[in-house]
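Enquirer: Sharing a structure here in structure tokens format.
The values are calculated or read from the model by the stated rules, or taken from the named source; none is laboratory data. If you're wondering where the values come from, they're calculated on a predicted model, not measured in any experiment. A quick note on method: Cβ atoms are made from the backbone with ideal geometry, for glycine too, and the neighbour counts reach across all protein chains shown. All accessible areas refer to the heavy atoms of the entire protein, side chains included, with ligands and DNA or RNA removed. Shrake-Rupley method; radii C 1.70, N 1.55, O 1.52, S 1.80 Å.
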Amino acid sequence: MTIHNKEIYMLEAIKKAEENIITGKGGPFGAVVVRDGKIIASVGNRVTSTNDPTAHAEVVAIREACKELDTFDLSGCEIYASCEPCPMCLGAIMWARIDKLYYAAERNDASRAGFDDELFYSELALPADKRMLSPTQLLREEANEVFDKWIDETDKIPY
């Protein structure tokens, strides 16, 4: 059996997920960011060890890769996740401009293990006023004044 690089990177993400169970650092999730065939970041989920609900493996990997590459733009990178990313992580991957996402387990596998990924995907498919957390908009005009200033700013770094 031939193992290709993509499978090696995915096995690394899965290994990080398993290490998390052994070390107790977080949930059973791992992620690896790769650029030009080189692993830039390889991490496990750190939610429980850092008391940070946003410290999912993909988000931590993105943070570490950005630090390592000294950029907020991870164009040219791929991410390997041991599980299909939750909506937050998928958004982070897209904001980071990562070129390609690979994942192993599916969100319903995570749901079977007690994680809310499928619930969150279902909630986002609903109209905002039908969700568990129904938002209330306040001070739109005041907030748009800030966007107007941003639009007029000549010395900004777009992202």
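Enquirer: Considering only segment 1-95, give the helices (runs of 4 or more DSSP H) lying wholly within it that have at least 3 residues that are open to solvent by less than 70 Å² (accessible area, probe 1.4 Å) and closer than 21 Å to SER111 by Cα.
Expert: Because the criterion is at least 3 residues that are open to solvent by less than 70 Å² (accessible area, probe 1.4 Å) and closer than 21 Å to SER111 by Cα, the helices (runs of 4 or more DSSP H) in segment 1-95 that meet it are 5-23, 57-69, 87-95.
Enquirer: Taking only segment 117-132 into account, find how many residues are touching an Asp or Glu at 6+ places or on another chain (Cβ under 8 Å) and not in a helix (DSSP H, G or I).
Expert: The qualifying residues number 2.
Enquirer: Does GLY24 satisfy the criteria of being on the phi > 0 side of the Ramachandran plot and at pLDDT below 95?
Expert: yes
Enquirer: Here's a follow-up. ASP129 passes all but one of (1) under 19 Å from ILE8 (Cα atoms); (2) open to solvent by 80 Å² or more (accessible area, probe 1.4 Å); which number fails?
Expert: Single failed check for ASP129: (1).
Enquirer: Mind checking which pairs have a first residue in segment 75-100 that is within 18 Å of GLU123 (Cα to Cα) and a second that is open to solvent by 30 Å² or more (accessible area, probe 1.4 Å) and in a loop (DSSP other than H, G, I, E, B), Cβ under 7 Å, 6 or more apart or different chains?
Expert: Once the first residue is within 18 Å of GLU123 (Cα to Cα) and sits in segment 75-100, its partners that are open to solvent by 30 Å² or more (accessible area, probe 1.4 Å) and in a loop (DSSP other than H, G, I, E, B) give GLU84/GLU106; CYS86/HIS56; MET88/THR54; MET88/HIS56; CYS89/HIS56.
Enquirer: So ALA104 passes all but one of these: (1) within 30 Å of ASP36 (Cα to Cα); (2) open to solvent by 80 Å² or more (accessible area, probe 1.4 Å); (3) in contact (Cβ under 8 Å) with a residue 12 or more places away in the chain. Which condition number does it fail?
Expert: (2)
Enquirer: If you take the residues in segment 96-116 that are assigned to a loop (DSSP other than H, G, I, E, B) and either touching a helix residue (DSSP H, G or I) at 6+ places or on another chain (Cβ under 7 Å) or of a type in the set (A, V, I, L, M) (or both), which one is modelled with the lowest pLDDT?
Expert: Only one residue tops the list, namely ALA113.
Enquirer: Considering GLU142, GLU123, which residue is more than 20 Å from ALA13 (Cα to Cα), free of Cβ contacts under 8 Å to residues at least 40 places away in the same chain and open to solvent by less than 50 Å² (accessible area, probe 1.4 Å)?
Expert: Answer to the check: GLU123.
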